[in-house]
Amino acid sequence: MSEWYDPDMSPEEFRRLGHRTIDMIAEYYESIRDLPVYPKRTAHEVESAFEEELPREGQSPDSILDAWTEKILPNATHLGSPRYFGYVNGSGAMIGTLAEALAAAVNMNVGGWKPAPAATEVERRTIRWIAEAIGYPADCGGLFTSGGMMANFTALTAALRNTAAYDMAESGLQSPERTGRFRLYMADHEGHVSIKAAADMTGIGRSAVVPIPSRDDLSMDPGELRRAIEGDLAAGELPFCVVAQVGSINVGVIDPIEQIADICEEYGLWFHADGACGAFGAMLPEMRDQYRGMERADSLTLDPHKWLYVPYECGAVLVREPERLRRAFSMSAPYLRGTIPTEYDGLDYYDYGPQMSRGFRALKVWMMIKQYGLDGYRKLLRQNNECASHMHELVKKSPDFEVLHEPNLYIYSFRFVPAGMQGGRRDEAAESEIDRLNQRICDELQLSGEAFVMTSRIHGRVVIRISVCSHRTTPADIDRVFERMHAIGLANLGHV
Ligand SMILES: *Cc1c(COP(=O)(O)O)cnc(C)c1O
């Protein structure tokens, strides 16, 4: 027999490489406020940087670590920069980085209790802490997911399984007992695309999502919701769920939760709250009023990798009655458990969600909540909201920008409209020019590396949208970015 291959490092070698890696990470954090936020390279250039034959022979760990500095970092977008305002992306806090390494080291599989006793209990406790922090019933069920999308999918699946008039886990959508089309309801303007994708994944299709007209502030109109449900019932369809946005994607608005909860109760519908953007805001006592009724949601999506600054990936779904998750996802096979229960069995998370093998995601959340505490988190959330309000003040004061909405939470949209084009009615040509100017501002800003800001659309028009979801952003960053946007906008007048 040839020599036995043992790829593990010696403890000394591991320690040396580990110290080197920590030094690399520490240097990265030292420079993160000043790095160009975006690499300014085409997709093709980035692809070329990684052109390399499949390694036939193994390489030295030192040369592999070199590639981090030479290839990964120069082609990275730095979401941890205080001037990264793209999508709704979190910044990733330091202790989370250490937690990721520790979780990988112990490598528990949090699908079952047996391969992950400590990890299961850390997850159970952390979910409970989160519920407590936002005022959701602490005896709820729930688990961490890859993100908000999978949390929404988990919730919609649970909604269907628990509201269908037949055993849907067994016969699915093909049951001859199904008497109509399943319907779910969501605000037309700010309803999140992931709900449509989740509806698609459950098999009911994107068209099962009924858009409900919004009020002037872009929150769902509960009167219209009631009308739509009544209409569908009269037509023999199967309303099963209403999705409320708890912090919406363009303007951070919170749907009228209490009224939606009432309507769901009245019609026996599942109430799902998509709080991926904003549910953590309920940690702030001064904002609690807006969240009243969230504790009545049958299920709630949260995204710790957004507004808890947890490094990717980490979403979460909470369900008021844990048994309803089990009913939707429970699996059994003789090889999953010992066949006869003993006192050494515990909670098996694979019974409560779509994943079987699962990583120790909870560790980073658990450590971050311990490090900052509820008080620390409240300060951070307030700081983010203050940054959005600060942008609002700058927009209001400038003659070359237009206010589109009052700020709520940390997501804020506005529009560059040069003074000469403000006031009075604008024709389509003028609106299109303004659209192009706003797009140009964001494009140039991205390519400058100074900040990362994106556009969105509100009522069909291009707007600048910032999401201040970083624990590093200060009002000085907002000032700097606003000045740059203003300058770019003015420099492009008449050129787009
Ligand atoms: C981000 C987001 C999602 C999707 O979450 P991921 O973590 O990106 O999977 C769903 N709903 C809302 C409201 C979001 O903001």
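The values are calculated or read from the model by the stated rules, or taken from the named source; none is laboratory data. All values derive from a computational prediction rather than experimental measurement. With ideal geometry, Cβ positions are generated from the backbone for all residues, glycine too; neighbour counts draw on all protein chains shown. Keep in mind that these areas ignore ligands, DNA and RNA; they rest on the heavy atoms of the full protein, side chains included. Shrake-Rupley method; radii C 1.70, N 1.55, O 1.52, S 1.80 Å.
Below, the figures for the structure above:
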quantity	calculated
Inter-residue pairs, beta-carbon under 9 Å, first open to solvent by 10 Å² or more (accessible area, probe 1.4 Å) and among the hydroxyl-bearing types (S, T, Y) and in region 140-154, second at pLDDT 95 or above and more than 6 Å from the ligand (Cβ to nearest atom), 6+ apart	S146/Y312; S146/E313; S146/C314; S146/Q355; S146/R361
Selection count, region 413-433, where residues are touching a strand residue (DSSP E or B) at 6+ places or on another chain (Cβ under 8 Å) and farther than 16 Å from S398 by Cα	1
Members of region 48-104 found to be closer than 17 Å to Y312 by Cα and either within 16 Å of the ligand (Cβ to nearest atom) or basic (K, R) (or both), listed by number	T77, L79, Y84, F85, G86, Y87, V88, N89, G90, S91, G92, G96
Residue within region 161-176 that is within 29 Å of G281 (Cα to Cα), buried (at least 16 other Cβ atoms within 10 Å of the Cβ) and of a type in the set (D, E, K, R) present	no
Filter result for N107 (on the phi > 0 side of the Ramachandran plot and away from the ligand (no atom under 16 Å from the Cβ))	yes
Failed item, numbered, when P239 is tested on (1) part of a helix (DSSP H, G or I); (2) touching a Lys or Arg at 6+ places or on another chain (Cβ under 7 Å); (3) more than 16 Å from the ligand (Cβ to nearest atom)	(1)
Output for region 242-266, where each listed residue is near the ligand (Cβ under 10 Å from one of its atoms), of a type in the set (A, V, I, L, M, F, W, C) and not in a strand (DSSP E or B)	I249
Qualifying residue in region 84-103 (condition: open to solvent by 40 Å² or more (accessible area, probe 1.4 Å) and free of Cβ contacts under 8 Å to residues at least 40 places away in the same chain)	yes
Which numbered condition D255 fails, given (1) of a type in the set (D, E); (2) closer than 18 Å to H192 by Cα; (3) in contact with a Gly (Cβ under 8 Å, 6 or more places away or on another chain)	(3)
Selection count where residues are closer than 20 Å to D400 by Cα and either assigned by TED's automatic domain parsing to the domain that holds G281 or part of a loop (DSSP other than H, G, I, E, B) (or both), scope region 465-487	0
Residue satisfying all of: in region 350-371; of a type outside the set (A, V, I, L, M, F, W, C) and in a loop (DSSP other than H, G, I, E, B); nearest to the chain's Cα centre (by Cα) among these	R361
